[in-house]
Amino acid sequence: MYKKITALLENRSGRFTPSGPTIGEIETIAAGIRNAFIGRGVSADEPVCLCIEEKHLLLAALLASVAGAPTFILPHSFHRQVLKEIHQKRPFRWILADTAIDPPADTTVISVGECPPDDRPLQLVRPPDHPFVSLFTGGSTGKPQIWSKTPLNLFGEALHLARTFGIGQGDLLLATVPPQHIYGLLGSVLLPFVASARVLRKTCTFPREILNALQNERATVLLSVPIHYRALRCDDGIRRFSLRMALSSAAPLDGDDAAFFFQQTGLAITEIYGSTETGGMALRPYGSDHGSWEPFCCIDWKILSDRLCVRSGFVSPDLPCDTEGFFMTTDRVAETGGNRFKFLGRADHIVKIAGKRVDLDEIREKIRRIPGVNDAYVMAAPMNGARQAEIAALVASDLPARKLRAAIRSMDDPYGRPRRIRVVKTIPVLSNGKIDRQRIDRLLLASHPARPEADHIGA
């Protein structure tokens, strides 16, 4: 793999963005970052927080780490509280930044501008199976976590995506996900580099921004998330333009949103299934086989007790694997034949309510099927003063409270009826399109509505 990266760096005149830095300029920045930390006596294994917004500078920092700079921690946000939380979980002395931040106490910020470029070629010295970056996730399915990734994990997955989707020199990528998240990091930083493609410098998130970039910049590959495909559905200006491919990840894609995009563009959105810790595992294009997933050709998989187990070069070294190298995920799946599987829900979404097993994913889908409900999130919430739990639901709907209460009471399984419900206009999400678990917890677990937008309904 390092031979491939070295060969890519030799294409010094190739552009990373349409009008931005060349690969040669990015390599000189990477060498400068490496020198800056070596000169300060920072070892290659010491964690350094990475607060960088610009895609080409983020690529330079990752290359620097492979070439002997420290390992980097990549936060999902540069907010003061997030940096403080990371510092408590994994203490660091240094921050490399290209933007203004409010650093934790006893840390020193180094600006990328303080790292003089060095035009000597990079020597890739870090063992490819040793961690070089850790990603701090937002905790969309639980508490925030830090997951280590190796060069083999990330560069290997980017190379696989380039081969799978045939991405190359003629492609221009448009990403709607910030590069601080695994999908954005892969799709808008590493993928264009390993494919010798180009990426738009700006991360577009609003529908009009996305449409303008598609029309005016002539992007060929759209890397987006379900919440942005839903937003595009509200604008009839979406067309195919120069697009040849549309990808989605981070959360399940709504079938109606995918159908609208296909109707307007003639392109079937391809979903990528995976997580920060496991990397990508499978894909499915919207269409006749949309109910099942096709595993990536480079991974091994099996099912144990209805749980998906994977063996892959993309799996974080932090995960426990069995003697054969398989990691058991919390995803429940069933084999459908033809080397495909369908997703049944998450094992950690099966809870006991009054001694009965309840599938929270099933409850969510029942609520979402109520006419007038746009979306829902369901969780098991502890009961006040008791060890037992009750079901709580956050529902995005414009229905009157009485009508929504009646519809939920009509659900056939009494144990699956939410006892605690709050209504909002939209389900809170993070910038990567995943649900904002911390904000949802504040809304559902507070004794009283935390915000004017939330109404409590006793079911």
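The values are calculated or read from the model by the stated rules, or taken from the named source; none is laboratory data. Since this is a predicted model, take the numbers as computed values, not measurements. Counting neighbours? That spans all protein chains shown, and the Cβs are built from the backbone with ideal geometry, glycine included. Accessible surface areas use protein heavy atoms only, side chains included; no ligands, DNA or RNA. Shrake-Rupley method; radii C 1.70, N 1.55, O 1.52, S 1.80 Å.
Using a probe of 1.4 angstrom and keeping all protein chains present, the accessible surface of segment 155-231 works out to 32 square angstrom per residue. Distance from the Cα centroid of segment 64-133 to that of segment 223-289 is 33 Å (rounded to whole angstrom). Magnitude of the charge dipole for the chain, about its Cα centre and with charges confined to Cβ atoms of Lys, Arg (+1) and Asp, Glu (-1), is about 1060 debye. Compute log10 of I(q)/I(0) for segment 223-280 with the Debye formula, placing one identical point scatterer on every Cα and leaving out solvent, at q = 0.15 Å⁻¹, to two decimals. Calculated log10 I(q)/I(0) at the listed q: -0.41. Peptides 200-206, 281-287, 49-55, 184-190 ranked from most to least packed by the mean count of surrounding Cβ atoms within 10 Å: 184-190, 49-55, 281-287, 200-206. Quick one: pull the percent of accessible area on segment 1-159 belonging to carbon and sulfur, 1.4 Å probe, ligands and nucleic acids left out. The nonpolar share, carbon plus sulfur, comes to 50 percent.
In the calculated pair distance distribution of segment 1-100, what percentage of Cα-Cα distances lie above 18 Å? Counting every Cα pair in segment 1-100, those more than 18 Å apart make up 49 percent.
Assuming a ≥ b ≥ c are the square roots of the Cα gyration tensor eigenvalues, decide whether segment 45-86 counts as rounded (a/c under 1.5), prolate (otherwise, with a/b larger than b/c) or oblate. It comes out oblate by the Cα gyration axes. At q = 0.32 Å⁻¹ the log10 of I(q)/I(0) for segment 22-67 amounts to -1.26, computed by Debye summation with a single uniform scatterer per C-alpha, solvent ignored. All other residues whose Cβ lies under 15 angstrom from that of CYS297 are scored, Lys and Arg at +1 and Asp and Glu at -1, for a net of +1. For segment 164-245, list log₁₀ I(q)/I(0) at each q in 0.14, 0.17, 0.21, 0.27 Å⁻¹, using the Debye formula over Cα point scatterers of equal strength and ignoring solvent, two decimals each. Evaluating at q = 0.14, 0.17, 0.21, 0.27 Å⁻¹ gives log10 I(q)/I(0) of -0.41, -0.61, -0.93, -1.43.
Both the radius of gyration and Dmax for segment 257-309 are 13.4, 42 Å, in that order, over alpha-carbon atoms.
Translational diffusion coefficient, Stokes-Einstein: compute it for the chain using the Kirkwood radius over C-alpha pairs as Rh, at 25 °C and 0.890 mPa s, and state it as an integer in µm² s⁻¹. Spell out each step's value before the answer.
Numbers: Rh = 23.5 Å.
The diffusion coefficient I find is 105 µm²/s.
Calculated on the alpha-carbon coordinates, the convex hull of segment 278-335 measures out at 87 cubic angstrom per residue. Translational D (Stokes-Einstein, µm²/s) of segment 1-40 at 20 °C and 1.002 mPa s when Rh comes from the Kirkwood sum over C-alpha pairs? My calculation gives 195 µm²/s for D. Extents of segment 303-344, taken as max minus min of Cα coordinates on every principal axis and listed largest first, are 29, 18, 16 Å. Computed from the alpha carbon atoms alone, the convex hull of segment 77-127 holds 120 Å³ per residue. Relative to the dominant Cα principal axis of the chain, helix 255-265 is inclined by about 50°.
ILE182 contributes an accessible area of around 30 Å² to the protein surface, as traced by a 1.4 Å probe with all chains present.
With a Förster radius of 35 Å, plug the Cβ-Cβ distance of LEU304 and GLN123 into 1/(1 + (r/R0)^6) and report the FRET value to the nearest 0.05.
Working: r = 43 Å, r/R0 = 1.23.
Efficiency, rounded to the nearest 0.05: 0.25.
Here is the P(r) of segment 225-321: all C-alpha pair distances, binned every 10 Å from 0, give 15, 41, 27, 14, 3 in whole percents. With all pairs of separate Cα atoms included, segment 258-382 yields a Kirkwood hydrodynamic radius of 16.5 Å. All C-alpha pair distances within segment 314-381, sorted into 10 Å bins from zero, spread as 17, 32, 33, 16, 2 percent across the bins. Principal-axis analysis of the Cα atoms of the chain puts helix 207-217 at an angle of about 40° to the longest axis.
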